[in-house]
Protein chains: 2
Amino acid sequence: MTQLKIIFLGTGGSWPTVKRNVSSIAIKRGGEIILFDCGEGTQRQFQKSNLSYMQIKKIFITHYHGDHFLGLPGLIQTMQLNDRKEPLHIYGPKGIDSLINSILNLGYFKPSYPIYAHEVKDADLIQFDEYHVKAASVDHGVPAIAYYLEEEMRPGRFNKPKALELGVPEGPLFSRLQKGISITLKAGRVITPDMVLGPPRRGRKIVISGDTRPIDKMVSFARYADALIHEATFASDLKDISFEYGHTTAEEAAEIAKKAEVDRLFLVHISPRYIDSKVLEREARQIFPNTIVPKDFQEVDIPLKR
Amino acid sequence: MTQLKIIFLGTGGSWPTVKRNVSSIAIKRGGEIILFDCGEGTQRQFQKSNLSYMQIKKIFITHYHGDHFLGLPGLIQTMQLNDRKEPLHIYGPKGIDSLINSILNLGYFKPSYPIYAHEVKDADLIQFDEYHVKAASVDHGVPAIAYYLEEEMRPGRFNKPKALELGVPEGPLFSRLQKGISITLKAGRVITPDMVLGPPRRGRKIVISGDTRPIDKMVSFARYADALIHEATFASDLKDISFEYGHTTAEEAAEIAKKAEVDRLFLVHISPRYIDSKVLEREARQIFPNTIVPKDFQEVDIPLKR
């Protein structure tokens, strides 16, 4: 089973504080890291975590406010100083080409490994080997994208009693059927996988809202996710300011999590004004009990559903 | 007396480590901060120090390798989010205009306070109210500048016995003479300041080498400085690599400090390879005993000389 985990590298909004760096979330899947946003200081957050930035294969940027991407130039340059040869793919909304071009022309730097910029728009689905990343435009005043990473469907659950009943002996034939391969019994009878497998099961799904006002479409976008990582810049007493600046309150994020029937809600992009983020957690838990305001460097395993 | 101190915000070279952030040195003089270099994460180093980045009036960049300037965009944007109205002056070698222009056009950001870029070349002297900053080109493969900040001359030492001998009564007339104002005694005799003051004394002087190979001209540039902050990326066993990459060893920096007859030598831009920097300190102290390898956040007062 491929391990899937979230590492919160930067959980603060707008500017860094002593406790929280600006936005960056790493998803580690097997030996690969997929990074969502890369605020200033992200390379140093990697140094302080157990992760290696050399394992990053793809970076997804939600939007081009400084606290979400200004760690890119330093990270790109440090990868080079550490002899990266492997290509790096960077995805983001409209403008990613010129942004990456500007970043690669800051000061005296010539990349010696390939860096590819990919523009992403609403409803795009980017297919990788064992998972895909889906995009949805959100409401933040500038072009902004929410993403989810979802693993491909897994074969259905293996019905062991049924297999035995059909005369399949316990052992290697079980695993062939589990992998979707038909087998022939000694008696000449052919057993196809659909005879012993339940319906295919969905892969794990992690949603990253980026910065956005609360939007209805987030409910369908996040439906049944294992983890919804939603911004919650403010508590609900600042609901008006929150809306004005294109943000979501903890309460509003919890409403979305509840309607979307996700497993767990993680609140990030916490405003520097909250020295103690308990107020946000309490507020959200009234509506969606399975809410956490992660600290920087907190790691969360996403287990396979049974 | 105006307080003058150095705060080492980033003492590491090339890329950040857990212990050392990349280059940035703050000089606090009275209520003003003058910043020398601004590597990625400098705004967060401010947060973790006792300093406010809102007090920065001028930033001097030594050269345009990423570890010396990539903290500028985030710092500039955060100043704005914190309602800065005051102008910010940024100095650097050839290319500062286009660099600042690129930085101000990264992502969605429009500065609402004035930012001025000033190009600096070898031997420039930039005059401010109570001090000046002098520039010298150095040897680092790309345009690179060393700076020193030097306070203006102070009046000479007050010769109290001489004043009493001339019949000046102790009290307010003493301080008028100390300020350079002539006085007339009751007997009608005029006492001029030069009669009771020694020769004018030099202000305090702090030198920042930036990245450079060891160069002869640094000796005269740093002459009699209160503090020479010199890069020492490597120890002397890596002298060849050090030279190849345009850097200085701890031993070489100590030779310069000795010849320049400075008061104290501070070694910075320590390579990430040195988990323990004692080797650099030991090596330099063999040649120049008053050497320190400061830690990040270390503060050093520069007292007035008697």
Check your understanding: If we scan the stretch A:4-20, do we find a residue that is farther than 25 Å from B:Arg44 by Cα, among the hydrophobic types (A, V, I, L, M, F, W, C), in contact with a strand residue (DSSP E or B) (Cβ under 6 Å, 6 or more places away or on another chain) and assigned to a strand (DSSP E or B)?
Key -> yes
Check your understanding: Limited to the stretch A:217-235, what total is found for residues that are closer than 17 Å to A:Glu281 by Cα and open to solvent by 10 Å² or more (accessible area, probe 1.4 Å)?
Key -> 1
Exercise for review: Kindly indicate which of A:Lys48, A:Lys19, A:Lys57 is modelled with pLDDT of 95 or more, away from every other protein chain (no Cβ under 14 Å) and either closer than 23 Å to B:Gly13 by Cβ or open to solvent by 10 Å² or more (accessible area, probe 1.4 Å) (or both).
Suggested key: A:Lys57
Check your understanding: Could you say which residue among A:Gly74, A:Gly107 is within 13 Å of chain B (Cβ to nearest Cβ), of a type in the set (Gly, Ala, Ser) and not in a loop (DSSP other than H, G, I, E, B)?
Key -> A:Gly74
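Yes/no matrix, rows are residues, columns are (1) over 19 Å from the mean Cα position of the chain (by Cα); (2) farther than 24 Å from B:Ala123 by Cα; (3) among the acidic types (Asp, Glu):
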residue: B:Lys179; (1), (2), (3): yes, yes, no
residue: B:Thr192; (1), (2), (3): yes, yes, no
residue: B:Arg202; (1), (2), (3): no, no, no
residue: B:Ile208; (1), (2), (3): no, no, no
residue: B:Lys217; (1), (2), (3): no, no, no
residue: B:Thr233; (1), (2), (3): no, yes, no
residue: B:Ser242; (1), (2), (3): yes, yes, no
Check your understanding: Under the condition of being over 25 Å from A:Ile208 (Cβ atoms) and aromatic (Phe, Trp, Tyr), which residue from the stretch A:104-116 is surrounded by the most Cβ atoms within 10 Å (Cβ to Cβ)?
Key -> A:Phe109
Exercise for review: Name the residue, out of B:Val262, B:Val207, B:Val190, that is under 30 Å from B:Phe158 (Cβ atoms) and without any contact (Cβ under 8 Å) to a residue 40 or more places away in the chain.
Suggested key: B:Val190
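Determine which member of the set A:Leu304, A:Leu267, A:Leu238 is within 30 Å of A:Arg154 (Cα to Cα) and open to solvent by 20 Å² or more (accessible area, probe 1.4 Å).
Working: A:Leu267 fails: open to solvent by 20 Å² or more (accessible area, probe 1.4 Å); A:Leu238 fails: within 30 Å of A:Arg154 (Cα to Cα).
So the residue among A:Leu304, A:Leu267, A:Leu238 that is within 30 Å of A:Arg154 (Cα to Cα) and open to solvent by 20 Å² or more (accessible area, probe 1.4 Å) is A:Leu304.
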Study note, to complete from the structure: Across (1) at the interface with chain A (Cβ under 8 Å from one of its Cβ atoms); (2) surrounded by fewer than 22 Cβ atoms within 10 Å (Cβ to Cβ), B:His65 clears everything bar (2)
Point to revise | Any pair with Cβ under 7 angstrom, 6 or more apart, that starts in the stretch A:124-138 at a residue that is without any contact (Cβ under 8 Å) to a residue 40 or more places away in the chain and acidic (Asp, Glu) and ends at one that is in a strand (DSSP E or B) and buried (at least 16 other Cβ atoms within 10 Å of the Cβ) | key: A:Asp124/A:Ala135
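Rundown of residues vs (1) assigned by TED's automatic domain parsing to the domain that holds B:Cys38; (2) surrounded by 15 or more Cβ atoms within 10 Å (Cβ to Cβ); (3) in contact with a strand residue (DSSP E or B) (Cβ under 8 Å, 6 or more places away or on another chain), yes/no style:
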{"site": "B:Asn82", "(1), (2), (3)": "yes, no, no"}
{"site": "B:Ile90", "(1), (2), (3)": "yes, yes, yes"}
{"site": "B:Pro93", "(1), (2), (3)": "yes, yes, yes"}
{"site": "B:Ser102", "(1), (2), (3)": "yes, yes, no"}
{"site": "B:His118", "(1), (2), (3)": "yes, yes, yes"}
{"site": "B:Ile126", "(1), (2), (3)": "yes, yes, yes"}
**Study point:** Sole residue being aliphatic (A, V, I, L, M) and facing another protein chain (nearest Cβ under 8 Å), chosen from A:Leu88, A:Leu99
**Key:** A:Leu99
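The values are calculated or read from the model by the stated rules, or taken from the named source; none is laboratory data. In this text, all values refer to a predicted model and were calculated from it rather than measured experimentally. All Cβ positions, even for glycine, are placed from backbone atoms using ideal geometry, and neighbour counts span all protein chains on display. Accessible surface is based on the protein model in full, side chains and every heavy atom, while ligands, DNA and RNA are left aside. Shrake-Rupley method; radii C 1.70, N 1.55, O 1.52, S 1.80 Å.
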